[in-house]
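Readers should treat all values here as calculations from the given coordinates under stated rules, not as data from a laboratory. Computed from a prediction, not measured in an experiment: that's the story for all the values here. Note: ideal-geometry Cβ built from the backbone for every residue, glycine included; neighbour counts use all protein chains shown.
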Amino acid sequence: MSLSAVDLAAELIRFDTINPPGQEAACTENLARLLTGAGFQCETVPLDEGRPNLIARIGGTGDKPPIAFTGHTDTVPLGAQTWTVAPHGGMVKDGRVWGRGASDMKSGVAAFVVAALEYAARFEGTPGVVLYITAGEETGSEGAFALARRGMRGQAGALVVAEPTTNRPLCGHKGALWLKATTRGVTAHAREGR
Ligand SMILES: [Zn+2]
C-alpha cells in the first residue's frame, strides 16, 4: 500500500525539529530516502552541521522550466502553554493530525512529497518537478538564504509554497521588510522618572 500524506505528516511530526536549534537532519534524511527510492535525484545542501536543505528533482526536458514545490522542516518552539497531546507524538484523532508542526508545515511537506512520489513514474519527457525542502525557516529563512547564496535557486515555471492558508490557494507572498535600527541615548529603567 502506498504511503498516505496523513501517515507521512504524522511521521514527520515525530522528529523534533524545533528551531532553535533546528536539528532537521533526521527528518530531512527520512524524506531523502523516500524520494531517492522513487527515482528522484536528491542533493543535500547544508545550512549548518546537522541542518540540511534538500533539493529533489525528477524528469525535465530542458526546454521548459519545472514546477517547483517548497516547504520547511523546522518548527517553532512549544510555547509556554501546556500541551494536551504529546507534541511529537504524531497522533491522528478525530480526522485531524495533532502535534507541533502539524499545520506549519509538516503536513504541507508531506502532501507535496506524497503527490510527487505517486506521480514519480510519469515525469519522464515532461518539464519535471523540483522539491526544495529547507531547514531554518522559522528564524529568518536561513536555509533558503543558504541555497540562494550558493546560486541554487534554479528556474521554475511556478513555485508552490506549502505553507498553511486554511486550505485556500493564495497567490503571492506578504514579503519581508528587514530593518536595522541604531539608537543613541542613556540606558535607564522604564519605571524611573516622575
Ligand atoms: Zn511555515
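Odds and ends about this structure:
- Fully extended contour minus Cα-Cα distance, from Arg14 to Lys93, at 0.36 nm per residue: 26.9 nm
- Cα gyration tensor category, rounded, prolate or oblate, for segment 38-130 with a/c compared to 1.5: prolate
- Ranked list, fewest to most other Cβ atoms within 10 Å of each Cβ, for His72, His88, His173, His189: His189, His173, His88, His72
- Normalised size of segment 11-64, defined as Cα radius of gyration per 2.2 N^0.38 Å with N residues, equals 1.30.
- Two-decimal log10 I(q)/I(0) for segment 40-194, as the Debye equation yields it once each C-alpha is a single scatterer, q = 0.17, 0.19 Å⁻¹: -1.11, -1.29
- Its relative contact order, with pairs defined as Cα atoms under 8 Å and 6+ residues apart, puts the chain at 30 percent.
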